[in-house]
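Colleague: Let me begin by handing over the structure; questions about it come next.
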Amino acid sequence: MCKECGCEDKAAKGPQQNGSDEKNVQIDRKVTEANDATANKIAHELIHKEILCINLLGSPGSGKTTLIEGIAQNIPAKIIGVIQGDLESDVDKKRLEQMNIEAYQINTHSGCHLNAEMIKEALGSMNLDNKRFLIVENVGNLVCPAGVKIGQHINIVVSSTTEGSDKPKKYPYIFMDADLILISKYDLKDAVGFDEQSYLSDISRINPQARIIKCSNRKSSCFQEVAHFLEHEREHVLGHHHH
Amino acid sequence: MHELAITKEVIRIIREEAEKNSISSVKYVSLELGGLTTYKKESLLYFFNILKKDEEALQEAVLKIIEVGGKVRCKECGAVGTVEDPILPLCKACDSSDIEITQGKDLRLRDLRGN
């Protein structure tokens, strides 16, 4: 029965109308719009402060924190700020503080990735004066952080030889947006049977533009290369904005 | 697992649109799911059906997920093609590897019906 007038005539209401006052609304909104807006705002504000924001991604144990330590050997620690994302603990924060790197720890508990709102909150508690680089070490995970904007200007994926050479093929989403892919534990590649040719061939099909740097933890030359890359990217991102 | 957070966003936008359009009981929502996102249809439906129980306006809501496949375009010759995962194919027309994704990376709320 029609709720408006009490009539029984349903056919007159059209094919998709069940009740007389049913509304059909076209929305067409991107579901990630709120996070993306916050992320864009963060990215913009950081450029204004002349800070390059790096989203550091990779599996647990791939060497993300080691990379930050390596960067801090080549770029003064006092111009680097770090946000650490882990489910629990402040182990990494303490590790970085030993090198005089200012670090803020986010514990996501069950959350599998960071989002822009978490970064916004963290930035509220951090002193970014005189900082030139903000490194956000995301939750160790090759799946969930992919494609989630946090206000970064560039993405770095740390991918260790010990994880196996099939990772780009199995987890392409995290690799497709990487500006830099760091192949870590490169000195162990023969011991673990890392098929470099197959790995690089997969990368070329997923993200041919990505810069690739091979890194052995005991050699600081690769960290120097990463530091140069970051300085170059910072100039590039800031330059783009000013012109 | 990461569909939980995104489904909360789906619900938030539905709530906002329902209020804006004076809809107190949502009957139907359509969601366009790009084939090159990391979200799974089954998980989105699973979380939606749990989360809607806490939403007065969504008690009768049915979520329809429309899957949209990935599309690519060759930057060299302009040929278009389809793709199932982000491991990009070489262009079928000119063999170029300079391929861009043109569709399939988004999750969008499309339509809402209710009274």
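Colleague: So, counting K/R as plus one and D/E as minus one, what does the shell of residues with Cβ under 15 Å around A:His153 add up to?
Modeller: Net charge in that neighbourhood comes out at -1.
Colleague: Residue by residue through B:91-100, how many Cβ atoms from other chains fall within 10 Å of the Cβ on average?
Modeller: Mean partner shielding for this stretch: 1.
Colleague: Which order, highest average first, do A:129-141, A:25-37 follow once you tally other Cβ atoms within 10 Å for each residue and take the mean per peptide?
Modeller: Descending packing order for the listed peptides: A:129-141, A:25-37.
Colleague: Fully extended, how many nm does the chain gain between A:Val143 and A:Glu45 (0.36 nm per residue separation, minus their Cα-Cα distance)?
Modeller: 32.5 nm
Colleague: Something else: Hey, could you get me the Stokes-Einstein D for region A:24-147, Kirkwood radius over alpha-carbon pairs, 20 °C and 1.002 mPa s, rounded to whole µm² s⁻¹?
Modeller: The Stokes-Einstein estimate is 141 µm²/s.
Colleague: State the percent of C-alpha pairs, over all pairs in region A:141-243, separated by a distance greater than 15 angstrom.
Modeller: Above the 15 Å cut-off, region A:141-243 has 64 percent of its Cα pairs.
Colleague: Among the listed pairs A:Lys149/A:Lys189; A:Lys149/B:Lys27; A:Lys167/B:Lys71; A:Lys30/A:Lys93; A:Lys64/A:Lys189; A:Lys149/A:Lys170, give every one whose C-alpha distance is greater than 27 Å.
Modeller: Going by Cα-Cα distance, A:Lys149/A:Lys189; A:Lys149/B:Lys27; A:Lys30/A:Lys93 fall outside the 27 Å limit.
Colleague: Now a separate question. When the convex hull of the Cα atoms of region B:32-85 is projected onto a plane and the area is averaged over all directions, what value comes out in nm²?
Modeller: Averaged projected hull area, Cα only: 4.7 nm².
Colleague: When Lys and Arg each count +1 and Asp and Glu each count -1, what net charge do the other residues less than 13 Å away from A:Gly164, Cβ to Cβ, add up to?
Modeller: 0
Colleague: Still on this structure: Of the candidates B:Gly78, B:Gly104, B:Gly70, which one comes out as most mobile in a Gaussian network treatment of chain B with C-alpha springs shorter than 10 Å?
Modeller: B:Gly78
Colleague: Next question, about the same structure. Please give the average number of partner chain Cβ atoms lying within 10 Å of the Cβ of each residue in A:27-37, rounded to a whole number.
Modeller: Averaged over the peptide's residues, the number is 6.
Colleague: Still on this structure: How big is Rg to Rh over region A:106-167, alpha-carbon atoms, Rh as the Kirkwood inverse-mean-distance radius?
Modeller: 1.01
Colleague: Distance between Cα centroids, region B:70-113 to region A:220-243: provide it in whole Å.
Modeller: Cα centroid of region B:70-113 versus Cα centroid of region A:220-243: 30 Å apart.
Colleague: Per residue and in Å³, how big is the convex hull formed by the alpha-carbon atoms of region B:2-114?
Modeller: About 99 Å³ per residue, rounded to a whole number.
Colleague: Still on this model: Nearest 10 degrees is fine. How inclined is helix A:196-206 to the longest principal axis of chain A, computing both from alpha carbons?
Modeller: 40 degrees
Colleague: Tally Lys and Arg at +1 and Asp and Glu at -1 over the other residues with C-beta under 14 Å from the C-beta of A:Tyr104: what net charge comes out?
Modeller: Spelling it out: positives minus negatives among the neighbours equals -2.
Colleague: Determine the alpha carbon to alpha carbon distance for each of A:Lys120/A:Lys214; A:Lys169/B:Lys41; A:Lys23/B:Lys41 and list only those over 29 Å.
Modeller: Table pairs above 29 Å Cα-Cα are A:Lys120/A:Lys214.
Colleague: Which angle from 0 to 90°, rounded to the nearest 10, does the C-alpha axis of helix B:41-51 make with the longest principal axis of chain B?
Modeller: The angle comes out at about 20 degrees.
Colleague: Please report the orientation-averaged projected area of the protein assembly as shown, defined via the convex hull of its C-alpha atoms, in nm².
Modeller: Over every viewing direction, the Cα hull of the protein assembly as shown projects on average to 21.9 nm².
Read-outs throughout are calculated quantities, based only on the coordinates presented, and are distinct from any laboratory measurement. It should be emphasised that the depicted structure is a prediction, and the values quoted were computed from it without experimental measurement. Here Cβ is always computed from backbone atoms with ideal geometry, including for glycine, and neighbour counts include all displayed protein chains.
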